[in-house]
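Since the structure comes first, as structure tokens, the remarks are kept for the end.
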Amino acid sequence: MTKKRYSRASICQVCFIYAPFVARRTFLVVLALLATTCELTATEQEHLGPIRVSVVPEISEVPLKHTYELLFDYLEKTTGHSIEPVFLGTYDEVLDAFIGGHIDLAFLGAYPYVVAQSTVNAAPLVMRDIDTRSSTYFIARADSPHDSVEDFKGETFAFGAELSTSGHLMPRHYLLEQSIVPKEFFSVVRYSGKHDMTATWVEEGEVALGAINASIFDTMMAEGKLNSDKLKIVSQTPRYADNVWTVRADLDESTRAALTDALLDLIPQESPGREVLERLQAEYFVSARESDFTPLVGIVEQLGLLDPYHKI
């Protein structure tokens with residue numbers, strides 16, 4: 001037999017209904033106890049209140065919302081918390097909101113995560129399998145006569161967002177490793193703000209060469225959002241760790257555990273994991289550790305980019 005559970009609010013109501021039939025002294029004792037109990041209920045409700053979630057806008061807003069809606073629905077059902085999506089227009093806005101305490105859980109690139117960890121001791125939770133082996137493509141128009149990055153000296157070039165790991169930090173690091181200083185090597189260096197915009201700029205000839213997240217580029221090609229006859233891959237960076245689901249340092253352990261368990265429990269063999277992971281272009285999630293980003297910390301410090309608003 002299923003045991004019926006009564007909320008503390010219901011017990012409080014019962015107390016007042018039967019108050020006339022209870023000895024006054026007993027009633028006052030019970031009332032005092034229930035007042036404390038009802039107070040705890042309010043605290044618990046706040047504790048299980050909404051989780052404010054944001055994601056760095058790697059791509060334009062409409063497909064971004066479509067990508068994450070199933071995940072947010074799943075997290076609501078599995079954690080018991082309501083999920084409040086906070087979609088912001090730029091990487092800077094997401095990072096500022098997170099550091100300012102206005103976001104509880106954020107899908108950050110490795111570079112924004114390093115800044116948040118250094119600034120407010122942000123904690124990594126999980127990563128998609130593909131984020132453990134990210135890379136960047138340098139792309140050009142298919143009809144370009146150039147076949148290597150070195151050939152584009154004096155041409156126009158585009159990074160993604162300034163706070164993007166795959167759109168800025170790692171391609172900049174890669175270029176410097178080839179003794180290429182972007183502002184000296186290219187005639188113009190621009191920042192598109194989003195990976196899909198970088199692809200559009202290159203395809204339409206607004207820039208000759210662009211740096212774009214390899215996984216996003218491959219997905220856009222597979223979905224027919226880019227014309228494979230118009231674009232080619234000129235070069236690719238080595239692999240690195242990138243995006244990570246990150247929480248505020250003061251988010252309680254039980255909520256962290258609930259979020260972590262929910263994400264790690266997603267598997268592609270059954271629903272809802274199959275549908276959620278497909279939207280996220282992932283096979284599964286893995287636990288993330290600070291040490292996963294140690295190489296990135298070194299690169300950020302080497303490039304003098306720990307202050308993301310320091311222009312180089």
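The values are calculated or read from the model by the stated rules, or taken from the named source; none is laboratory data. Small disclaimer: the values here were computed from a predicted structure and weren't measured. A quick note on method: Cβ atoms are made from the backbone with ideal geometry, for glycine too, and the neighbour counts reach across all protein chains shown.
Mind checking which helices (runs of 4 or more DSSP H) fall wholly inside segment 235-312 and carry at least 1 residues that are under 18 Å from GLU58 (Cβ atoms) and in contact with an Asp or Glu (Cβ under 8 Å, 6 or more places away or on another chain)?
273-279
Based on what the data block shows, is GLU177 farther than 23 Å from THR132 by Cα, surrounded by fewer than 20 Cβ atoms within 10 Å (Cβ to Cβ) and either at pLDDT 95 or above or not hydrophobic (A, V, I, L, M, F, W, C) (or both)?
No: the conditions fail for GLU177.
Name the single residue, out of those in segment 80-120 being β-branched (Val, Ile, Thr) and surrounded by 19 or more Cβ atoms within 10 Å (Cβ to Cβ), that is farthest from VAL276 (Cα to Cα).
Looking at residues that are β-branched (Val, Ile, Thr) and surrounded by 19 or more Cβ atoms within 10 Å (Cβ to Cβ), I get VAL115.
Name the strands (runs of 3 or more DSSP E) wholly within segment 49-158 that hold at least 2 residues that are assigned by TED's automatic domain parsing to the domain that holds VAL188 and more than 13 Å from the chain's Cα centre (by Cα)?
136-141
Determine which member of the set GLY193, GLY167, GLY154, GLY160 is touching a residue at least 24 places away in the same chain (Cβ under 8 Å), of a type in the set (Gly, Ala, Ser) and touching a strand residue (DSSP E or B) at 6+ places or on another chain (Cβ under 6 Å).
Working: GLY193 fails: touching a strand residue (DSSP E or B) at 6+ places or on another chain (Cβ under 6 Å); GLY154 fails: touching a strand residue (DSSP E or B) at 6+ places or on another chain (Cβ under 6 Å); GLY160 fails: touching a strand residue (DSSP E or B) at 6+ places or on another chain (Cβ under 6 Å).
Within the list GLY193, GLY167, GLY154, GLY160, the selection yields GLY167.
With the condition kept exactly as written, say whether any residue in segment 282-290 is more than 21 Å from ASP242 (Cβ to Cβ), over 15 Å from the mean Cα position of the chain (by Cα) and not aliphatic (A, V, I, L, M).
So far as segment 282-290 goes, no, none of its residues is more than 21 Å from ASP242 (Cβ to Cβ), over 15 Å from the mean Cα position of the chain (by Cα) and not aliphatic (A, V, I, L, M).
If a residue must be in a loop (DSSP other than H, G, I, E, B) and either out of contact with any helix residue (DSSP H, G or I) (no Cβ under 6 Å at 6 or more places or on another chain) or within 30 Å of ASP292 (Cα to Cα) (or both), how many such residues does segment 214-227 contain?
4
For segment 219-251, how many residues are small (Gly, Ala, Ser), within 23 Å of PHE285 (Cα to Cα) and out of contact with any Ser or Thr (no Cβ under 9 Å at 6 or more places or on another chain)?
Residues in segment 219-251 being small (Gly, Ala, Ser), within 23 Å of PHE285 (Cα to Cα) and out of contact with any Ser or Thr (no Cβ under 9 Å at 6 or more places or on another chain): 2 in total.
What pairs can you find where one residue is in segment 294-308 and within 14 Å of TYR240 (Cβ to Cβ), the other is surrounded by 12 or more Cβ atoms within 10 Å (Cβ to Cβ) and modelled with pLDDT under 95, and their Cβ atoms are less than 7 Å apart, with a gap of 6+ or different chains?
VAL300/LEU306
Among the residues of segment 156-175, how many are farther than 14 Å from SER235 by Cβ and not small (Gly, Ala, Ser)?
The number of residues fulfilling the criteria is 7.
Conditions (1) of a type in the set (A, V, I, L, M); (2) surrounded by 17 or more Cβ atoms within 10 Å (Cβ to Cβ); (3) modelled with pLDDT of 95 or more, marked per residue:
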position: VAL189; (1), (2), (3): yes, no, yes
position: THR237; (1), (2), (3): no, yes, yes
position: ASN243; (1), (2), (3): no, yes, yes
position: THR246; (1), (2), (3): no, yes, yes
position: LEU259; (1), (2), (3): yes, yes, yes
position: GLU275; (1), (2), (3): no, no, yes
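Restricting attention to segment 41-79, which residues are under 23 Å from GLU270 (Cα atoms) and at pLDDT 95 or above?
Of everything in segment 41-79, those that are under 23 Å from GLU270 (Cα atoms) and at pLDDT 95 or above turn out to be TYR68, GLU69, LEU70, LEU71, PHE72, ASP73, TYR74, LEU75, GLU76, LYS77, THR78, THR79.
Keeping to segment 180-213, report how many residues are part of a loop (DSSP other than H, G, I, E, B) and polar (S, T, N, Q).
2
Picking from GLU204, GLU155, GLU223, which residue would you name as being charged (D, E, K, R), at pLDDT below 95 and surrounded by fewer than 18 Cβ atoms within 10 Å (Cβ to Cβ)?
Of the residues listed, the single one that is charged (D, E, K, R), at pLDDT below 95 and surrounded by fewer than 18 Cβ atoms within 10 Å (Cβ to Cβ) is GLU223.
Identify, please: which residue in segment 121-149 is touching a Ser or Thr at 6+ places or on another chain (Cβ under 8 Å) and polar (S, T, N, Q) and is, among those, surrounded by the fewest Cβ atoms within 10 Å (Cβ to Cβ)?
SER148
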